[in-house]
1. Just to be sure I understand the filter: pairs with C-beta atoms under 6 Å, separated by 6 or more residues or on different chains, first member in region 417-429 and farther than 13 Å from Leu226 by Cβ, second member of a type outside the set (S, T, N, Q). Which pairs pass?
2. Does any residue of region 114-133 turn out to be outside any loop (DSSP other than H, G, I, E, B) and within 21 Å of Ser42 (Cα to Cα)?
3. Is it fair to say Gly136 is closer than 21 Å to Leu101 by Cβ and not in a helix (DSSP H, G or I)?
4. List every residue pair whose Cβ atoms sit under 9 Å apart, with the two residues 6 or more apart in sequence or on different chains, where the first one lies in region 231-260 and is among the acidic types (Asp, Glu) and the second, anywhere, is crowded, with 17+ Cβ neighbours inside 10 Å.
5. Suppose we filter Lys253, Lys239 for residues that are among the charged types (D, E, K, R), assigned to a helix (DSSP H, G or I) and either at pLDDT below 95 or over 28 Å from Tyr357 (Cβ atoms) (or both); which single one remains?
6. Taking region 43-94 as the search range and keeping residues that are in a helix (DSSP H, G or I) and among the basic types (Lys, Arg), which one is nearest to the chain's Cα centre (by Cα)?
7. Would you confirm whether or not region 165-178 contains a residue that is of a type in the set (Gly, Ala, Ser) and free of Cβ contacts under 8 Å to residues at least 24 places away in the same chain?
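The values are calculated or read from the model by the stated rules, or taken from the named source; none is laboratory data. Only a predicted model underlies this, so the values are computations on that prediction, with no experimental measurement involved. Virtual Cβ from ideal backbone geometry, glycine too; neighbours counted across all protein chains shown.
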Amino acid sequence: MCFGQERKISKSAGASLKPLGAAAAPEPELLCIFGTGDLGRSLGLRLLQSGYRVVYGSRRPHSSGPLPEGAEVMSHESAAKLASVIFVCVHREHYEFLETLTPHLEGKVLVDLSNNLKKKMYPEANAVYLQRLVPGAAVVKGLNTLSAWALQNELLAGKQVYLCGDSAEAKQVVSETATQLGLTVLDRGSLSAARELEDFPLQLFPEWRLPLSVAIGLIAFFFFYLVIRDVIYEWIVKKSDISYRIMVSLGNKVFAIVSLIMLSLCYLPGIIAAFLQLYRGTKYRRFPHWLDRWMLCRKQIGLVALGIASLHAVYTFIIPLRLVRSLAVSVIMTKMNNITTPVGLDKILAWRTESFYALGILGFFLFVLLGLTSLPSVGGTLSWREFSFIQSKMGHLSLLICTAHGYFYGWDKFLRTSTYKWYTPPAYMLCLIVPSVVLVLKALLLLPCVDRTLTRIRQGWERTQPGEKTVIDKATNL
């Protein structure tokens, strides 16, 4: 079979006017697209911008709607005769017309971009069904993870796409075209993998499941923990109904606690990995599966933490509006009763309050900066050293400031017996455990003797294991 098309050199009537020995420019490769819907139009536009010529095959060439400038439209049969690579951008239920084009599709490459509405919708994969309809063509399943929106907005740089097919030559042709579009291609093997590729777009946030599950679990735990300590305790012990605080005040505490724990969970796996490398004396041994999975979703954990921290910031601005009335009443009653507080205590409280808010604002600012640099459009403009500096150095600084924000909130409350309601520690003490452990372990890794060894390991040095030196010496003597 022939999977490529010869590039013809066009000769115009004015070619004789060109200087002697000047070579005519090769004509761009012609690609065909079956389907003039959103996906077909968007793909054609990107192919034209990448230097290809594009022809559309349509059931109604004269009423196919607006198409990208520079593209031609004609019947399926006419378009199939002109190109050797055809992108099939139609739904599976309309594949029957391809069977009538079998003589014209002999030896052509058919790229199946179709997806289904749900998994296992049909007994066989769409690409396998297409190959059975047109046995003389080479069917390649791929590019089905691209959306019309991503194609229109040029969000393709570095994006991974998958290919599978029984013809290595056909996959190579499609891979070269995808690379020309700025995509990164991964070969998934034969056409039997088409079902797996067709299920990829149907996955619902696969990389976000673990971070969201952890966040929801933490929110549920601390919500019920605070309801028991703050609301039920007041109702049973002090006969006071403060259940109205559940909606705002209690929710604000939960968001603050969970966001700090989630931020520390972004950096804890990296520290665990560092200590594993120090213990093993090498970087060439794989981490445990759970640690690999944890490290791969650190970005998602951080973004979820940023979202929760944003809720905490919004709630913090709302609470003073609700408390302004009670505060005014308190001030009036203080003046009427001629009650004064010691000046020294006021100054300490003022410094503590100002430091608490200042650390919270600065920590949230750095948190937002981390979130912005994790976006591809922003992170792509940074060098690796700049990106690493922001995500690592400034990330740990943000964690340190947010943890200090929590310590200023607690201040000396842990010394009061009234803090331990029903002998349980307050929630803010529980939330400081993980970030404090992360910061202490990070401080240990920054010690010169530890940092020097870890740097050597990450540069490829390996610690000599017992018995290895003898084997190496014998091999050297030989």
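1. Thr419/Lys413; Thr419/Pro426
2. For region 114-133, residues outside any loop (DSSP other than H, G, I, E, B) and within 21 Å of Ser42 (Cα to Cα): absent.
3. Yes, satisfied.
4. Between residues of region 231-260 that are among the acidic types (Asp, Glu) and residues that are crowded, with 17+ Cβ neighbours inside 10 Å, the close pairs are Asp241/Val231.
5. That would be Lys253, the only listed residue that is among the charged types (D, E, K, R), assigned to a helix (DSSP H, G or I) and either at pLDDT below 95 or over 28 Å from Tyr357 (Cβ atoms) (or both).
6. Across region 43-94, the extreme among qualifying residues is Arg46.
7. So far as region 165-178 goes, yes, one or more of its residues are of a type in the set (Gly, Ala, Ser) and free of Cβ contacts under 8 Å to residues at least 24 places away in the same chain.
The rows are residues; the columns are (1) assigned by TED's automatic domain parsing to the domain that holds Gly40; (2) surrounded by fewer than 15 Cβ atoms within 10 Å (Cβ to Cβ); (3) in a strand (DSSP E or B).
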residue: Lys141; (1), (2), (3): yes, no, yes
residue: Trp149; (1), (2), (3): yes, yes, no
residue: Glu154; (1), (2), (3): yes, yes, no
residue: Ala157; (1), (2), (3): yes, yes, no
residue: Ala170; (1), (2), (3): yes, no, no
residue: Val173; (1), (2), (3): yes, no, no
residue: Ala178; (1), (2), (3): yes, no, no
residue: Gly182; (1), (2), (3): yes, yes, no
